[in-house]
Amino acid sequence: MGKPTIDHGDQKKLSVLIVDDCSSVQVLHRVWALKLGLEVHIAENGKIAVDLHRSGASFDLILMDLAMPIMNGEQATRELRAMGVDAMIVGVTAYDDGPERQAFVGAGLNACYSKPFTEFNLAPLVQVIKEINEKSI
Amino acid sequence: MLEEGILDSQFTQLQGLQDESNPNFVAEVVTLFIKDAQKIINHLSYYMSQEVVDFSEMDPYVHQIKGSTSSIGARNMTLACSDLHQASDAKNKEMCLQALNKINHEYCRLQVKLHLIVQLQNTIFTMETNERLRGSRYAAMSMQRRFPRFKVLFGFISSFLFFQLLITKHK
């Protein structure tokens, strides 16, 4: 399979917020995102993600884990949408299809992927965001 | 290791991310994974040690370890985590204990393999770096004083094969 690539053109870098409490997953997702030319930020749980947005931060893409301490992905997604955050929020979870995953999607996700999540999942999402941004100019 | 099912193609992809700009990537991810996994296993062991298991409190940890093992490509351990998930969903303490034992067993096997891989990758990286340094020194030397390049390459290949044999012996 050919390596996924992104046509960067002259556009500003897209930013991604990786929300996951597992440090090995943070590092992996970070490297995939850097390879695709994204600016990467990390939050260890849903509360940190929500607090970042409350303090004025914004991101083009949010990769949201579900099972996290303090505030899980479902709660965080619900709060972000209630705050008016309209960035693409993509769930990345080890939960299979079931009530937890359905509730997670219902909280306001744009999409939900099962772990392991790689650049082959990330690249098409980034391309979609770029196309949306181009159309809105 | 791929044939044994300990690691799958996800780990191969992860190895592919290590390069000159990220020379310690595999070691970094492996170290973090082992730390994460041990913490989660400790939590799971705590819940399973209770007379009455709180399966709903335990559930997030079951999914955390499944997510972590699948992300690194630890195939057998991920399968054991799926067993724990099913047992936990069924609220069957006995099945959960069996699954947790399996997770511990696969975790021990995995740690041994991962440490060997990290050692080998570090050795290869060091040898490649030394080879490059030697190569740049050779370029500055006169033609008569240069060693035949094949001797250096032969030494590198021999060492690589030696470590491959070590890994095979440890299987």
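The values are calculated or read from the model by the stated rules, or taken from the named source; none is laboratory data. Because the structure is a prediction, the values reported are computed rather than measured. When we count neighbours, we look across all protein chains shown, and the Cβ atoms used for this are built from the backbone with ideal geometry, even at glycine.
Within the range A:77-109, restricting attention to residues that are within 11 Å of the chain's Cα centre (by Cα) and more than 14 Å from chain B (Cβ to nearest Cβ), which residue is surrounded by the most Cβ atoms within 10 Å (Cβ to Cβ)?
A:THR77
If A:HIS29 satisfies all but one of (1) under 30 Å from B:GLN18 (Cα atoms); (2) buried (at least 24 other Cβ atoms within 10 Å of the Cβ); (3) in contact with a helix residue (DSSP H, G or I) (Cβ under 7 Å, 6 or more places away or on another chain); (4) within 14 Å of chain B (Cβ to nearest Cβ), what's the number of the condition it fails?
It is condition (3) that A:HIS29 fails.
Tell me which of these A:ILE70 doesn't satisfy, since it passes every other one: (1) more than 8 Å from chain B (Cβ to nearest Cβ); (2) modelled with pLDDT of 95 or more.
Evaluating A:ILE70 over (1) more than 8 Å from chain B (Cβ to nearest Cβ); (2) modelled with pLDDT of 95 or more leaves (2) as the failure.
What about B:ILE6, is it modelled with pLDDT of 95 or more, β-branched (Val, Ile, Thr) and at negative phi?
No, not satisfied.
Hey, B:ASN76 hits all of (1) within 12 Å of another protein chain (Cβ to nearest Cβ); (2) in contact with a helix residue (DSSP H, G or I) (Cβ under 7 Å, 6 or more places away or on another chain) but one; which does it fall short on?
(1)
Where the second residue is of a type in the set (D, E, K, R) and the first is free of Cβ contacts under 8 Å to residues at least 40 places away in the same chain and lies in the range A:59-81, which pairs have Cβ atoms under 7 Å and are six or more apart or on separate chains?
Filtered contacts from the range A:59-81: A:LEU66/A:GLU74; A:LEU66/A:GLU100; A:ILE70/A:LYS47; A:MET71/A:LYS47.
So that you can scan it fast, the table gives a plain yes or no per residue for (1) among the aliphatic types (A, V, I, L, M); (2) over 21 Å from A:ARG54 (Cβ atoms); (3) part of a helix (DSSP H, G or I):
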{"position": "A:ARG101", "(1), (2), (3)": "no, yes, yes"}
{"position": "A:PHE104", "(1), (2), (3)": "no, yes, yes"}
{"position": "A:GLY108", "(1), (2), (3)": "no, no, no"}
{"position": "A:LEU122", "(1), (2), (3)": "yes, yes, yes"}
{"position": "A:GLU134", "(1), (2), (3)": "no, yes, yes"}
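I'd like to know if the range B:80-93 contains one or more residues that are within 14 Å of another protein chain (Cβ to nearest Cβ), buried (at least 23 other Cβ atoms within 10 Å of the Cβ) and farther than 26 Å from A:PHE120 by Cβ.
There is at least one residue in the range B:80-93 that is within 14 Å of another protein chain (Cβ to nearest Cβ), buried (at least 23 other Cβ atoms within 10 Å of the Cβ) and farther than 26 Å from A:PHE120 by Cβ.
Of everything in the range A:110-120, what is part of a loop (DSSP other than H, G, I, E, B) and surrounded by fewer than 19 Cβ atoms within 10 Å (Cβ to Cβ)? Give them in sequence order.
A:ASN110, A:THR118
Which one is surrounded by the fewest Cβ atoms within 10 Å (Cβ to Cβ), of the residues in the range B:44-63 that are among the hydroxyl-bearing types (Ser, Thr, Tyr) and under 21 Å from A:ASP96 (Cα atoms)?
B:SER56
Is there any pair linking a residue in the range B:17-38 that is more than 8 Å from chain A (Cβ to nearest Cβ) to one that is small (Gly, Ala, Ser), with Cβ under 7 Å and at least six apart or on different chains, and which?
Listed pairs, sorted by first residue: B:ALA37/B:SER68.
Taking the residues in the range B:48-70 that are of a type in the set (D, E, K, R) and within 11 Å of chain A (Cβ to nearest Cβ) as candidates, determine which candidate is nearest to B:ALA99 (Cα to Cα).
B:LYS66
Check A:GLY46, A:GLY37 and return the single one that is on the phi > 0 side of the Ramachandran plot and more than 8 Å from every other protein chain (Cβ to nearest Cβ).
From the options A:GLY46, A:GLY37, the qualifying one is A:GLY37.
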